[in-house]
Amino acid sequence: MATSQGTMPDAVLPASGAGSPPPAAADQAGVLVFRQGPDSPSPIDYDIAAQRDTPAAQAVSGDAKVGQLADATPDTMTLHTRDAFRMFTGRPADADAGLAPIPGARRFAAILNSIWRLSANDNPYADWLLVRMYAGLVAIRAHLSRAVARQQAAIDLLKGKGLALSVMVSQSPKLVDLGFRSPYGYATAEAIVEFDYYVRVIKTLIHKDRMSDQQGRAAIREVGREMRALFLGPIRWERQLLREDLRQLSRSDFLPGADELARARVRAAVALFGELPRSIFTGAEAPRHTRRSLKLTDAELQLLEQATLSAAVVAGQQDTELL
């Protein structure tokens, strides 16, 4: 089975191959110049203004490459609480104080970007991790949404009695530039702003005597632990999946006829991460966003349905060379 395409979504469009017209550029006079290529012995200039309605001009216009989309203005995130800002940035290691690093949402988003790119290799474990991590983000956001809705209902009830309370905001909020390279970065940022609003609501309720100090700290700590546990999850996966000896892992490695290196990759991956769910392997359950773009034939899908996924042990021994 063939693997899918290449690199980052904002990469430069690939150069023209053999038989394609060489790249074009417009000079200051408005003349589109085709630079000399292997199939054009000399440059040919087209005056677009003079030949706009001719078939030749229409062909040139159709063949001209359009640049990729980019943000018109920088994407930003506004945070009102130190809790949310620290959740986003994490904490670096401090050897002098004996503090271990705590990965934050920014590191989590970077890992998912790497795994998202790896999914272009038709790597089933990359797909599996993306499915699991996105499900974790969705669960946290749902938890926050329910908690905020409960507290908002209490605030609305007071308003009906004549006591109108507003959710507090920071006098100097932190504006964070995003610029993520994958959709998973933006999904992570949304979870952070949801957490930020949740903390604002809880601290508002503490300040306005709708909740005790202890209750409020416990509520924030509970969600914070849940988010940090999620952010820790993919670190080991990234470190192992991006190893040189496992980077080329793909679904074709599981199929009959795979060479010994491919079988060794499978044994190592299953030993490290466990057996793949069949639905992930066949693509029946796919990540919300993936760079895998294979269109399987019925015969190929049947091969995936029949492939052995528990290949971690051969003759009763693990493949220790790759572990």
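Just checking, does segment 182-189 include any residue being part of a helix (DSSP H, G or I), of a type outside the set (Val, Ile, Thr), buried (at least 20 other Cβ atoms within 10 Å of the Cβ) and touching an Asp or Glu at 6+ places or on another chain (Cβ under 9 Å)?
yes
Would you check if there is a residue in segment 275-286 being at pLDDT 90 or above and open to solvent by less than 20 Å² (accessible area, probe 1.4 Å)?
Yes, some residue in segment 275-286 is at pLDDT 90 or above and open to solvent by less than 20 Å² (accessible area, probe 1.4 Å).
Return the pairs, sorted by first residue and then second, in which the second residue is open to solvent by less than 20 Å² (accessible area, probe 1.4 Å), the first residue lies in segment 265-283 and is of a type in the set (Ser, Thr, Tyr), the beta carbons are less than 7 Å apart, and the residues are 6+ apart or on different chains.
Thr282/Leu304
How many of the residues making up segment 91-128 are of a type outside the set (S, T, N, Q), within 23 Å of Glu194 (Cα to Cα) and open to solvent by 20 Å² or more (accessible area, probe 1.4 Å)? Reasoning before the result, please.
Of segment 91-128, the ones of a type outside the set (S, T, N, Q) are 91-112, 115-118, 120, 122, 124-128.
From what is left, the residues that are within 23 Å of Glu194 (Cα to Cα) are 91, 102-112.
Among the residues that remain, those that are also open to solvent by 20 Å² or more (accessible area, probe 1.4 Å) are: 91, 102-103, 106-107, 110.
Adding up the residues that qualify gives 6.
Return the only residue of Asp94, Asp83 being among the acidic types (Asp, Glu), at pLDDT 95 or above and more than 18 Å from the chain's Cα centre (by Cα). Explain how you work it out, then say what you get.
Working: Asp94 fails: at pLDDT 95 or above.
None of the others qualify; the one that does is Asp83.
Go through segment 221-236 and give me each residue that's in a helix (DSSP H, G or I) and either open to solvent by less than 80 Å² (accessible area, probe 1.4 Å) or in contact with a strand residue (DSSP E or B) (Cβ under 8 Å, 6 or more places away or on another chain) (or both). Step through it out loud before you land on a result.
Residues of segment 221-236 in a helix (DSSP H, G or I): 221-232, 234-236.
Within segment 221-236, Val223, Gly224, Glu226, Met227, Arg228, Ala229, Leu230, Phe231, Pro234, Ile235 meet the criteria.
Is there a residue being at pLDDT 95 or above, charged (D, E, K, R) and touching a strand residue (DSSP E or B) at 6+ places or on another chain (Cβ under 9 Å) anywhere in segment 176-185?
The answer is no; no qualifying residue exists.
Which of the residues belonging to segment 246-262 are under 16 Å from Asn121 (Cβ atoms), part of a helix (DSSP H, G or I) and more than 24 Å from the chain's Cα centre (by Cα)? So that I can check it myself, show each step before the final result.
Here is the first cut: in segment 246-262, the ones under 16 Å from Asn121 (Cβ atoms) are 246-255, 258, 261-262.
From what's left, part of a helix (DSSP H, G or I): 251-254, 261-262.
Those that are under 16 Å from Asn121 (Cβ atoms), part of a helix (DSSP H, G or I) and more than 24 Å from the chain's Cα centre (by Cα): Asp253, Phe254, Leu261, Ala262.
Given Leu255, Leu165, Leu232, Leu241, which one is farther than 20 Å from Thr81 by Cβ and touching a Lys or Arg at 6+ places or on another chain (Cβ under 8 Å)?
Values: Leu255 fails: touching a Lys or Arg at 6+ places or on another chain (Cβ under 8 Å); Leu165 fails: farther than 20 Å from Thr81 by Cβ; Leu232 fails: touching a Lys or Arg at 6+ places or on another chain (Cβ under 8 Å).
Unique residue meeting the criteria: Leu241.
What do you reckon, is Val199 closer than 26 Å to Thr89 by Cβ, touching a helix residue (DSSP H, G or I) at 6+ places or on another chain (Cβ under 7 Å) and modelled with pLDDT of 95 or more? Before you say what the answer is, go through the steps one by one.
On the way: closer than 26 Å to Thr89 by Cβ: yes; touching a helix residue (DSSP H, G or I) at 6+ places or on another chain (Cβ under 7 Å): yes; modelled with pLDDT of 95 or more: yes.
Criteria met by Val199.
Take the residues in segment 137-178 that are in contact (Cβ under 8 Å) with a residue 40 or more places away in the chain, open to solvent by 50 Å² or more (accessible area, probe 1.4 Å) and more than 17 Å from Lys203 (Cβ to Cβ), then tell me which one is nearest to the chain's Cα centre (by Cα).
This residue is Asp177.
Is there a residue in segment 202-220 that is surrounded by fewer than 20 Cβ atoms within 10 Å (Cβ to Cβ), of a type in the set (Gly, Ala, Ser) and without any contact (Cβ under 8 Å) to a residue 12 or more places away in the chain?
yes
Within segment 244-254, how many residues turn out to be at pLDDT below 90, crowded, with 17+ Cβ neighbours inside 10 Å and out of contact with any Asp or Glu (no Cβ under 6 Å at 6 or more places or on another chain)?
The qualifying residues number 3.
Which numbered condition in (1) part of a loop (DSSP other than H, G, I, E, B); (2) at pLDDT below 90; (3) under 23 Å from the mean Cα position of the chain (by Cα); (4) of a type outside the set (Gly, Ala, Ser) is the only one that Leu296 fails?
(3)
Select, from Arg291, Arg265, Arg239, the only residue that is part of a loop (DSSP other than H, G, I, E, B) and either under 30 Å from Ile140 (Cα atoms) or at pLDDT 90 or above (or both).
Values: Arg265 fails: part of a loop (DSSP other than H, G, I, E, B); Arg239 fails: part of a loop (DSSP other than H, G, I, E, B).
Every option except Arg291 fails the conditions.
The values are calculated or read from the model by the stated rules, or taken from the named source; none is laboratory data. Bear in mind the structure is a predicted one, so any value in this text is a computation, not a measurement. As a convention, Cβ positions derive from the backbone with ideal geometry for all residues, glycine included, and neighbour counts pool all protein chains shown. Surface areas here come from the heavy atoms of the whole protein model, side chains and all, with no ligands, DNA or RNA. Shrake-Rupley method; radii C 1.70, N 1.55, O 1.52, S 1.80 Å.
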